[in-house]
Every structure is written in C-alpha cells, then in structure tokens.
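None of the figures in this text is laboratory data; all of them are computed from the coordinates on show. Bear in mind the structure is a predicted one, so any value in this text is a computation, not a measurement. Cβ placement follows ideal geometry from the backbone for every residue including glycine, while neighbour counts extend to all protein chains displayed.
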Amino acid sequence: MATAAESAPAEKKSAYYLLQTFYLKNGTQLSRINDFMSRGLVPALKGLQSGPQLFLEGLVAPHMPQFAALLGLESLEQLALLRSRLPADEKFRSALDAWESGPEPPYEHYSQVILQAADYSPEITPLSTRPAKPRIFELRVYHSPTWRQLRALHQRFAGPEIRIFHRSGVHPILYSETLAGPNMPNLTYLIPFDSLAAREKAWDTFGADPEWIKVRKESVEQYGQITSVIQICLYRATPYSPVQ
C-alpha cells in the first residue's frame with residue numbers, strides 16, 4: 001500500500017529519468033558494482049542531482065544477476081552536466097578506478113535508457129520511514145506497435161486504469177515512455193510492493209476487476225491490441241538506495 005509520502009502530491013521536478021541496467025555474471029561483479037555505487041556515485045551526486053535515486057538488485061529478470069540504477073533529472077541538460085562533472089570528483093574517480101581494476105570485468109555489458117515522465121506521473125519520493133522489510137519494485141515495459149496506440153495506452157492509464165490500480169493495491173510511482181533506447185514506442189512504469197505475496201494478490205485483484213475487464217475490452221475494440229510485448233523485471237532496493 002502506498003504511504004502518505006508517496007500518495008501526497010509532490011512538486012514535480014523530474015521531467016526525465018536515466019535508467020541504467022547492468023548485466024552481470026556470478027562472482028565478484030555484484031559486490032563490486034554495489035561498492036562503486038555506494039562509495040563513488042552516490043556521494044558524488046550530491047550537489048549535482050537533486051531528483052530521486054533508486055539502486056536495485058534483480059530478483060527476477062531475463063538476465064541474472066542484474067543491477068539497475070534510476071536517476072531523476074530536471075532536464076536533459078542536467079544529464080550532460082553529470083557526464084562532464086562527475087569525472088572531476090576525486091572520490092568518484094577513485095571508486096571508478098577500483099571498480100574497473102578488479103580481477104574480472106566490472107560487468108558483462110550494460111544498457112542505458114532515457115525515460116520521459118508522463119504528464120500524469122507522480123514524483124518519486126522517499127518513504128518517511130524505512131520499511132521493516134525491503135520492498136519489491138516491479139518494472140514493466142509495454143511496447144506498442146504504433147505511436148497512435150501508445151497515445152491510446154497513455155489515455156487509458158491516465159483515465160480509468162490508475163483508479164482501478166489503486167483500489168486493487170497497485171500504486172505505481174513512475175509512468176514514463178522511452179525517449180532514447182530500445183523497444184520504442186513504449187510505456188514504462190515502476191510499482192513498489194511490500195512483498196511478493198502482496199504483489200500477487202494485487203495483480204489477481206486487478207485482473208478480476210469488472211471495470212478493468214470492461215475498459216480493456218472497449219480499448220481493444222477501439223484501438224486494437226495496444227501492447228504487443230510486455231517485459232517485467234522484479235528488483236529489491238540496495239541498503240544505500242535513497243528510495244527504499
């Protein structure tokens with residue numbers, strides 16, 4: 001269930017999000033990337049980036065192990081600023097050198113996606129108190145065959161679907177679409193759950209909701225199947241992630 005901090009309206013600052021996904025192999029890579037992020041990137045971001053920060057370890061994903069970092073940005077210019085100023089930070093540079101100098105590569109490969117927040121997306125805000133148990137974060141990517149159908153998907157989400165989500169126990173904290181990256185056009189959204197059991201219960205409730213069944217049927221009749229590929233990954237926040 002969403003907390004007061006996540007449900008209350010927040011001043012919208014993050015127009016864009018940078019999503020980096022690192023594909024790892026079993027061994028030292030996961031511990032080394034966590035060391036770099038916690039000791040190098042997070043401290044260096046202070047004063048350069050004020051938006052939300054999530055650092056996530058994969059639980060269920062097509063490639064495992066996996067690590068993801070999500071940073072909120074006020075503008076695309078801020079992304080360019082980060083790229084130019086981070087290397088000048090001594091601690092960041094030292095942590096980066098250590099990360100890249102291990103006995104094996106720091107990762108197998110990584111992907112980078114720039115997301116544009118939807119007009120109806122809330123601002124991601126940290127919880128007022130740290131949860132007793134780490135929450136589950138579900139990242140969903142809905143690929144649409146055409147931009148027309150993506151617009152219809154946004155309309156459906158911004159209209160009845162969010163209302164049905166909330167009463168079913170699904171409380172997304174980000175709605176966006178890919179501005180630069182793979183599987184375009186798409187709608188990408190992020191949902192926290194208290195546990196895997198809570199996630200399963202919420203989606204079962206949503207799928208059986210009579211209004212949702214009616215809304216989906218009307219949408220398909222008007223626009224056709226507006227999502228052709230659905231990608232789902234489950235993550236857990238790292239201990240140092242500002243958003244838990």
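Quick notes on this structure:
- In plain terms, the chain from Ala198 to Asp119 could stretch by 25.7 nm, reckoned as 0.36 nm per residue minus the Cα-Cα distance.
- For a paramagnetic label modelled on Lys214 (point 7 Å from Cα along Cα→Cβ), amide N atoms under 18 Å away belong, within the stretch 141-172, to 156-168.
- Inter-centroid distance (Cα atoms) of the stretch 187-240 relative to the stretch 121-172, Å: 8
- Between 0 and 90°, nearest 10: helix 147-156 axis offset from the chain longest Cα axis: 70
- Seen against the Cα atoms of the chain and their longest principal axis, helix 196-208 is set at about 30 degrees.
- The calculated FRET efficiency for Arg167 paired with Leu48, based on their beta-carbon distance and R0 = 45 Å, is about 0.70.
- Positive-end residue, the chain charge dipole about Cα centroid, Cβ charges, pick of Pro126, Ser31, Leu48: Pro126
- Euclidean distance of C-alpha centroids, the stretch 66-116 and the stretch 26-47, integer Å: 9
- A Gaussian network model of the chain, with springs between Cα atoms under 10 Å, assigns the largest mean-square fluctuation among Glu108, Glu177, Glu57 to Glu108.
- Efficiency of FRET between Thr205 and Val229 - r from beta-carbon atoms, R0 22 angstrom, step 0.05: 0.35
- Each listed q (0.16 Å⁻¹) maps to a log10 I(q)/I(0) for the stretch 45-132, found by the Debye formula over equal Cα scatterers with no solvent: -0.94.
- For the chain, the mean residue ellipticity at 222 nm estimated from helices alone is -9500 deg cm²/dmol, where every DSSP H run of n ≥ 4 contributes -39500 (n - 2.57) and the total is divided by all residues, rounded to the nearest 500.
- Cβ-placed point charges (K, R +1; D, E -1), dipole of the stretch 4-237 about Cα centre in debye, nearest 20: 220
- Among the lysines of the chain, pairs at least eight places apart or on separate chains and with Cα atoms under 26 Å apart come to 6.
- A Förster radius of 30 Å, combined with the Cβ-Cβ distance separating Leu79 from Glu108, puts the computed FRET efficiency at roughly 0.80.
- Between 0 and 90°, nearest 10: helix 76-85 axis offset from the chain longest Cα axis: 20
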